[in-house]
Amino acid sequence: MKDLFTGVLPLCRFVWRQERWRVMLWCCIMIIVNVLVVLTYTEIYPSAVERQAMAQTMRNPAMTFMLGPGYGLDDYTIGAMVGHEMLLFTALAAAAMNILLVNVQTRSAEEDGRQELLLSLPVGRVSNLSALLVVSLLSNLGLALLAGVSMASLGVESVDFTSSLLYGLLLGVTGLFFAGLTALLAQAAESSRGSLGLAFSVLGLMYLVRGLGDLGREWLALVSPLGLILRAQVYVGNIWWPVFVMLVGSAVLWWGAFYFRRERDLGAGLIPSRPGRESASRLLTTPLALAFRLQRTTIIGWLCALFLLGLAYGSVFGDLELFLEGNEFLRDLLPAVQGYTLTEAFLGMVTLVMSMMAVIPALLTVLRLRREEKSGRLESLLALPVSRGKVLRSFVQLSIMVAIVAMLVSGLGLWLAVNAVLKDGYGFLPMLGASLAQLPGMLGIVAVAVFCLGTQPKYTGLAWAYLGYSFVAVYFGGLIGLPEWTAKLSSFSYNPQMPAEPFRPLIAALVLAVSLVLMAAGAVGYRRRDLGL
Amino acid sequence: MTIVQTVDLRKSFGSVQALNGLDLVVRGGQIHGFIGPNGAGKTTTIRILLGMLKPSSGQASLFGRDAWRDAVDIHRRTAYVPGEVSLWPNLTGGEALDLFGRLRGKQDPRRRAELIERFDLDPSKKCGTYSKGNRQKVALIAAFASDAELFILDEPTSGLDPLMEQVFQDYVRELKVQGRSVLLSSHILSEVEKLCDFVSIIREGVIIESGSLEELRHLTSTHVAVQTKRPLSGLEQLPGVEDVVERDGLVHFSVEAEYLGSVITHLSAFDIVKLESSPPTLEDLFIRHYRGQGEGR
């Protein structure tokens, strides 16, 4: 029995040594975002009137589905706002951090044979898991305390020490819980992709279950750990029992992981990996089909996220006029156009921001080609009678299709939510038109990616930089006082913010033409350059 | 008929000169061994032949067509197995095989099934879970299932076990019977020796020796062990004889092929009891060329 745990201490240091930067980076980002949100909220919602307008928005079911049931809405303090709006998403991030940490140290280490190398030393069978438990426990405790202390130290009246500590601990126990879950699933699945996929699927499912539960079935919300932590009503009710329930749940999961790890063979899984297809589907016959097959999961995931984003933005519209009137910060973001309401101006801006989000899966798709090249898989493909031009064309076509569908889906989400909350809503077709009118700007980014791919393959990251630049220059440029020409460098600045601005076919055609020229240049370069460098 | 031909092929990556005027010829029906140590330029040559890299200067043609310009048409008649096979982790082996087959055009399902059985591959597993050997099997099955006229194999057996290596060799011999051509890059010399009838040796981006295995053997010393009734003398003074050693009553030495006759005449005067000669192995050949780098040939 004692032998099972031999060597835990040096292994703890070893695990920490490997993972410290990743863990610290995740924790820092989570804490910084939360601190910034507290500071921003005190800035943009200084008075109770503005906060009550926001509380109004929070009463609507779409918000409840996304963030959890609102609480303390009658006296919506900064604390209540942060607790309600930030806890769930920060907890999701903490869960993701732990899932990745545990998976890379368990199943993935086993798959790559790193585990075998360690076990051949005088090291107990569950020592590595024990070390991982220690590291996870300490990391999550560290996150809890640091988050709590840093938020409490901001000196915001409603963000007091006890509540902030509870807030931090809720993040910590969520992390520990999902670490335990992943450790258990890592015993079950045979491959690291499998255990990682399972863990994230459970996380997603828990989020959905919680959302449905929050809309009316309390017991359903309590089944999900994510629903459970929201019952703490942190910063308002400060109910502590969810923390203890989560700790018990984590202990059970970790115990299960230890039990099964002790019983099973190295490399074996409790669930045998189920055999896949012996032959390919009849559709997998072209490079385009292959491109879709490779990006399928990513694309579907992004489309779901964009639909939710559309819903989320749309759900704010109910009390928008009231909300915008009291909010100087947001009004500054909106272009003032004669004859249009602030709501309409906001609609245009939302569509523009959504198009910057929707271009991400399109960009991921076209840049997948670079990954294929670096991994050497492209070589196998091009050794067949398939031309480079055809392969490039397939990925670009898929990317453009993704861009179109992404805008349709996010536009649909926006339209659904806006019409659910507004008495006299907007027509479906104009909203769809406004979404599709964003395509030229999006294609501009894709064109930059194609150009880099063809001429400067080492610097395809430039496409991402250009998107980041566009976001800052177009979205915030006016606000932080950048000169107008900085925005004009971005293809997005030529997108019309409908309905407040008209659609100008000539400008759209010009942006498209420039994009096409860039893509053509990229395609020429791609056909001429050496592959696989 | 010439299937593969490169003329004064050069390729540089920045300041590094990978190929320095490489002349390679593979004729129809040849199983052509392409040997050389790591970094000599084997893979660069192959990647130029496949149109992945553009030559800095010189020509590379397959089936009389330009490797760079007519890549797609050439690939219709060519099958390739890379040394380091990388497959899509979320596709199964079977799906990858079908994809390869369909992009090539037609595939024979019976041939596919036969190869899967001979190579003992489980096509229902995801490529991400395959070992190096299994990934190599997928690439080999895809190649052998095709009706290509030229097979370019870049160290194709580096992950295979001896049994699978045997299966591989059977299929290569089958290709030879069918009159198809193979360019086999390898540094497993015993394999090249078993399969290839022609060999080109590459060093520092140039072909330093090329010809049939027979021809090449003539360039190298034969090893001889001899036992005579009367004590042997004067052997060291004969031209072409080296490394004379006496061990266990036998005299061992090596002799260059062209002097073999005169040496035998000399030996017969001492009443030969036992005479063993072994031809030079490819390894001897290889080491002879690589010993003393920079001396040139």
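The values are calculated or read from the model by the stated rules, or taken from the named source; none is laboratory data. Computed from a predicted structure; not experimentally measured. Cβ sites come from the backbone with ideal geometry, for glycine too, and all protein chains shown count toward neighbours. Heads up: the accessible areas ignore ligands, DNA and RNA and are worked out on the full protein's heavy atoms, side chains in. Shrake-Rupley method; radii C 1.70, N 1.55, O 1.52, S 1.80 Å.
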Inset, instruction - Using a 1.4 angstrom probe on heavy atoms only, work out the carbon and sulfur share of the accessible area of segment A:13-156 in %. - result: 68
Legend entry - Minimum 20 Å² accessible area buried by the other protein chains, segment B:50-68 residues, probe 1.4 Å, relative to alone: B:MET52, B:LEU53, B:LYS54, B:TRP68
Inset, instruction - Name the residues whose placed amide hydrogens come within less than 5 Å of the amide hydrogen of A:ALA500, ignoring near sequence neighbours (fewer than 5 apart) on the same chain. - result: A:GLY348
Legend entry - Label-point gap, in nm, between B:ASP147 and A:TYR459 - each point 7 angstrom along Cα→Cβ: 4.8
Inset, instruction - Run down the aspartates and glutamates and flag those whose C-alpha is under 13 Å from the C-alpha of B:LYS106, throwing out any fewer than 8 positions away in its chain. - result: B:ASP98, B:ASP147
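Keeping the other protein chains in place, figure out the carbon and sulfur percent of the accessible area of segment A:287-528, with a 1.4 Å probe. List each step's numbers first, then the result.
Working: 6970 of 10170 Å².
Taking all protein chains in place, segment A:287-528 shows 69 percent carbon and sulfur surface.
How big is the shadow of the Cα convex hull of segment B:221-279, averaged over all directions, in nm²?
Working: hull surface 13.9 nm².
Approximately 3.5 nm², given one-decimal rounding.
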Legend entry - Percent of C-alpha pairs per 10 Å bin, the protein assembly as shown, short to long: 2, 10, 16, 18, 18, 14, 9, 6, 3, 2, 1, 0, 0
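For B:ARG65 and B:ASP243, compute 0.36 nm times the residue count separating them, minus their Cα-Cα distance, and round to one decimal in nm.
Details: separation 178, 0.36 × 178 = 64.08 nm, distance 4.90 nm.
Here the answer is 59.2 nm.
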Inset, instruction - Enter the buried accessible area of the A/B pair, total of both sides, probe 1.4 Å, in Å² rounded to the nearest 100. - result: 3300
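Per-residue mean of other chain beta-carbon atoms within 10 angstrom of the beta-carbon, peptide B:122-130?
Values: counts 3, 6, 7, 5, 6, 2, 5, 8, 0.
Taking all residues of B:122-130 together, the mean is 5.
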Legend entry - For chain A, accessible area per residue (1.4 Å probe, heavy atoms of protein chains only), Å²: 44
Legend entry - Rounded to whole Å, sorted largest first: equivalent-ellipsoid semi-axes of chain B, Cα gyration tensor: 43, 24, 16
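Cα-Cα pairs above 23 Å in segment B:197-297: how many percent? Mind dumping the intermediate values first?
Numbers: 1752 of 5050 pairs.
Taking all Cα-Cα pairs of segment B:197-297, the fraction more than 23 Å apart is 35 percent.
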Legend entry - Added length on full extension, which subtracts the Cα-Cα distance from 0.36 nm per residue, A:ARG527 to A:MET401: 43.1 nm
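Going highest first, how would you order B:194-203, B:175-184, A:201-210, A:398-407 by mean Cβ packing within 10 Å? Write out the running numbers ahead of the final one.
Working: B:194-203: 20.8, B:175-184: 19.0, A:201-210: 17.1, A:398-407: 22.4.
Result, highest mean Cβ count within 10 Å first: A:398-407, B:194-203, B:175-184, A:201-210.
Using a 10 Å cut-off on Cβ atoms, rank the peptides B:265-277, B:43-55 from the highest mean neighbour count down.
Numbers: B:265-277: 13.0, B:43-55: 23.1.
Ranked by mean Cβ neighbours within 10 Å, highest first: B:43-55, B:265-277.
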Legend entry - Residues in segment A:373-399 occluded by at least 10 Å² - accessible area, probe radius 1.4 Å, against chain by itself: A:SER375, A:ARG377, A:GLU379, A:SER380, A:LEU381, A:LEU382, A:ALA383, A:LEU384, A:PRO385, A:VAL386, A:SER387, A:ARG388
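By how many nm would the segment from B:GLU84 to B:LYS229 grow when fully extended, if each residue of separation counts as 0.36 nm and the alpha-carbon distance is taken off? Don't skip to the answer; put the middle values down first.
Numbers: separation 145, 0.36 × 145 = 52.20 nm, distance 5.64 nm.
Result for the pair: 46.6 nm of gain on full extension.
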Legend entry - Residues B:HIS218 and B:SER131, FRET efficiency given R0 of 51 Å [Cβ-Cβ distance, rounded to 0.05]: 0.75
Inset, instruction - Quick one: pull the percent of accessible area on segment B:221-279 belonging to carbon and sulfur, 1.4 Å probe, ligands and nucleic acids left out. - result: 49
Inset, instruction - Could you work out how far apart the two model spin labels at A:ASP265 and A:LEU208 are, taking each label as a point 7 Å from the Cα in the direction of the beta carbon, and quote it in nm? - result: 3.5
Inset, instruction - For segment A:252-267, just list the computed ³J(HN,Hα) in residue order, Karplus coefficients 6.51, -1.76 and 1.60, θ = phi - 60°, integers in Hz, with x standing in for Gly and Pro. - result: 4, 4, 5, 4, x, 4, 5, 4, 6, 5, 5, 7, 9, 6, 5, x
Inset, instruction - Give the cross-link partners of B:LYS274 among the lysines, using a straight C-alpha distance below 27 Å as the criterion and excluding same-chain residues fewer than 8 apart. - result: B:LYS229
Legend entry - Heavy-atom accessible area ranking, 1.4 Å probe, most first, across B:GLU84, A:GLU218: B:GLU84, A:GLU218
Legend entry - Inter-label distance, nm, simple model (7 Å from Cα along the C-beta direction), A:SER153/B:GLU165: 6.4
